[in-house]
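What follows is a single structure, written as structure tokens, with notes after it.
The values are calculated or read from the model by the stated rules, or taken from the named source; none is laboratory data. Please read all numbers here as calculations on a predicted model, not as lab measurements. Backbone-built Cβ (ideal geometry, glycine too); neighbour counts: all protein chains shown. These accessible areas exclude ligands, DNA and RNA; they are computed on the full protein's heavy atoms, side chains included. Shrake-Rupley method; radii C 1.70, N 1.55, O 1.52, S 1.80 Å.
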Number of protein chains: 2
Amino acid sequence: MPKTKRDPSESDRTRQVVNHIRELLERGELRPGDKIPPERDLAKALKISRASLRTGIGYLAAMGVLNVRHGVGTFIHDGPAEFSKASLGFMSTLHGFQSWQMFEARRIIESSLAAMAAERSNDEHHVLLAEQVAEMFSIADDPAEFLKHDVQFHRTIAQASGNPILAALIETITSAMYEDRLKTVSRAHYLRKMAEMHRDIYRAIRSRDAAEAQKQMERHLQVAEDEQKSEVPPQRPQHPRSGQKRATTSSPEMPATHSATASAEGAGPESAQEANIPVQ
Amino acid sequence: MPKTKRDPSESDRTRQVVNHIRELLERGELRPGDKIPPERDLAKALKISRASLRTGIGYLAAMGVLNVRHGVGTFIHDGPAEFSKASLGFMSTLHGFQSWQMFEARRIIESSLAAMAAERSNDEHHVLLAEQVAEMFSIADDPAEFLKHDVQFHRTIAQASGNPILAALIETITSAMYEDRLKTVSRAHYLRKMAEMHRDIYRAIRSRDAAEAQKQMERHLQVAEDEQKSEVPPQRPQHPRSGQKRATTSSPEMPATHSATASAEGAGPESAQEANIPVQ
DNA sequence: TGTATGCTAGTGGTCAGACCTTTGAATTCC
DNA sequence: GGAATTCAAAGGTCTGACCACTAGCATACA
């Protein structure tokens, strides 16, 4: 498997910390949810300054391996595998990702996931999926609550697919889309339709019809995309970022079903304040 | 698009730095390849200590946004979008990813990419692809060199697909597999066969036959997988990570090409609490 | 008795400033 | 001209003090 290439951004001390944690992880002495020693202790044990240790911890936290809680401690990340949430956001502003591209990526990966789930899922998965579908039908008035089950439904399929890597990728993408989805999931008739589509997907998986599961999932996501586009059409245009270096200037318009819709991603609520630093 | 959820691992100062950089990026004042001000200057400008600034920089570097070079400076990452190389490696040890799963993920995504490339590529892409194929045929004795063109070929397809997100995902996966591939690409007859398959893929894309491109790509990756498995059969045993949370530890072997092993992980409550681990 | 309040130990967050190491390029010497 | 030297810039590390947040415990109050 991937034997972690040495990333240049890891300096000696940082790498020392990273390797230390990885070893403990590989040796099974540290598992998801576990707490690592206090910074002061660990720094002393590794014979490095607390500052350096913190650099390493920060690195691991950025990658989603560690979970730091002020006043409490630092823990090994526990939960579904996924890349750092912020990373996709940054890649987005850095490379000009667009909304339709996220939907497309999701459609492609998740429809495959559904097909795989149809072949590899077990009864336990079926039960979980059925439960989520049932919940979706019963809750037709609380968008936020509905979305929660929606997410869980898709997450279950990802898990049932037996491929945690693809599951992690889709988890990353969907979590990045979460906020926008919250705004979208609203109208009652829409929720009803969504519930029905999920049910259809569930049925296909349950009956181990991979092709059908894939098809239904694709249809479902296409509808979801169309719905969202119709609800949240206005988007702040992307930076032209006039490419000078063989820029990846993808054509702004794409074929049929997808119409480009640059994403906003405004500086959220809190966001920025002070400082206009003249970056040379 | 992704409204960067507030990541708990970002403390105030760190977030301040991150936001600052993001703003400059969004405002177009910073672009890939650009150098950011020296730490001492930037720290003063942001009115924070250099230590805190470094935390933020480390965070961004871990996410692959910044590229820090000792004695030179810190730059905005330049090059194909991808997630931090190390991240996949960590997720691997953290969630027990397996080799066949990486191949499977690659097969699924990249075959779709090929299909998309067939529909969206332009002449420029075709030229690049043709060049790489030609190089592959001419270089039949230098595995390392061959692999370089191989990588470039696939990267071009990813770019031609018009979906940078999927391109980034595949970039992440392939870079994680790079080392193992270096060991594999060796036998001359194998290189020859590879070159031919790449040529077939190219032809399909060139003739805009999406279905064929997808099929050829899938076949190509399947062959590559089989080849590698036959050469590097010994797999480092995975941690049993005895699932206590309804881990669906199915039998390690599965139908034909895939063997499913459901991942543990439960969306459920945190469960496992503290427990000070004696991390040596 | 039960709840509210306040204190405190533990742990991460920030700061300041000195010193070390690596780079890259200008300078000097042969 | 080319090689060795010098030097300034910029990142890397260290120390140790102090701040801030959490959770749990003890005390006070109703």
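Mind listing whichever residues of segment A:49-108 are outside any helix (DSSP H, G or I), more than 16 Å from DNA strand D (Cβ to nearest atom) and β-branched (Val, Ile, Thr)?
Our first condition is that a residue be outside any helix (DSSP H, G or I); within segment A:49-108, this holds for A:49, A:63-84, A:96-98.
After this cut, where a residue has to be more than 16 Å from DNA strand D (Cβ to nearest atom) as well, the list is A:63-66, A:76-77, A:79-84, A:96-98.
Hits for segment A:49-108 are A:Val65, A:Ile76.
Consider A:Ala168 against the criteria (1) open to solvent by less than 30 Å² (accessible area, probe 1.4 Å); (2) part of a helix (DSSP H, G or I); (3) touching a Ser or Thr at 6+ places or on another chain (Cβ under 8 Å): it satisfies all of them except one. Which criterion is unmet?
Among (1) open to solvent by less than 30 Å² (accessible area, probe 1.4 Å); (2) part of a helix (DSSP H, G or I); (3) touching a Ser or Thr at 6+ places or on another chain (Cβ under 8 Å), A:Ala168 violates only (3).
Taking A:Ser99, is it more than 8 Å from every other protein chain (Cβ to nearest Cβ) and more than 15 Å from DNA strand C (Cβ to nearest atom)?
Spelling it out, it is not the case that A:Ser99 is more than 8 Å from every other protein chain (Cβ to nearest Cβ) and more than 15 Å from DNA strand C (Cβ to nearest atom).
So is B:Ile108 touching a Ser or Thr at 6+ places or on another chain (Cβ under 8 Å), open to solvent by less than 10 Å² (accessible area, probe 1.4 Å) and among the hydrophobic types (A, V, I, L, M, F, W, C) or not?
On the way: touching a Ser or Thr at 6+ places or on another chain (Cβ under 8 Å): yes; open to solvent by less than 10 Å² (accessible area, probe 1.4 Å): no; among the hydrophobic types (A, V, I, L, M, F, W, C): yes.
Taking the combined requirement at face value, the residue does not satisfy it.
Given the options B:Val68, B:Val72, name the one that is within 16 Å of DNA strand C (Cβ to nearest atom), in contact with a strand residue (DSSP E or B) (Cβ under 9 Å, 6 or more places away or on another chain), open to solvent by 10 Å² or more (accessible area, probe 1.4 Å) and more than 7 Å from chain A (Cβ to nearest Cβ).
B:Val72
Return a yes/no flag: does segment A:176-196 have any residue that is surrounded by fewer than 16 Cβ atoms within 10 Å (Cβ to Cβ), in contact with a helix residue (DSSP H, G or I) (Cβ under 8 Å, 6 or more places away or on another chain) and acidic (Asp, Glu).
No; the residues of segment A:176-196 include none that is surrounded by fewer than 16 Cβ atoms within 10 Å (Cβ to Cβ), in contact with a helix residue (DSSP H, G or I) (Cβ under 8 Å, 6 or more places away or on another chain) and acidic (Asp, Glu).
All but one of (1) more than 16 Å from DNA strand C (Cβ to nearest atom); (2) open to solvent by less than 40 Å² (accessible area, probe 1.4 Å) hold for A:Lys85; state the number of the condition that does not hold.
Of everything listed in (1) more than 16 Å from DNA strand C (Cβ to nearest atom); (2) open to solvent by less than 40 Å² (accessible area, probe 1.4 Å), A:Lys85 misses just condition (2).
May I ask you to list the residues in segment A:25-41 that are within 7 Å of chain B (Cβ to nearest Cβ) and within 15 Å of DNA strand C (Cβ to nearest atom)?
Selection gives A:Leu30, A:Gly33, A:Asp34, A:Lys35, A:Ile36, A:Pro37.
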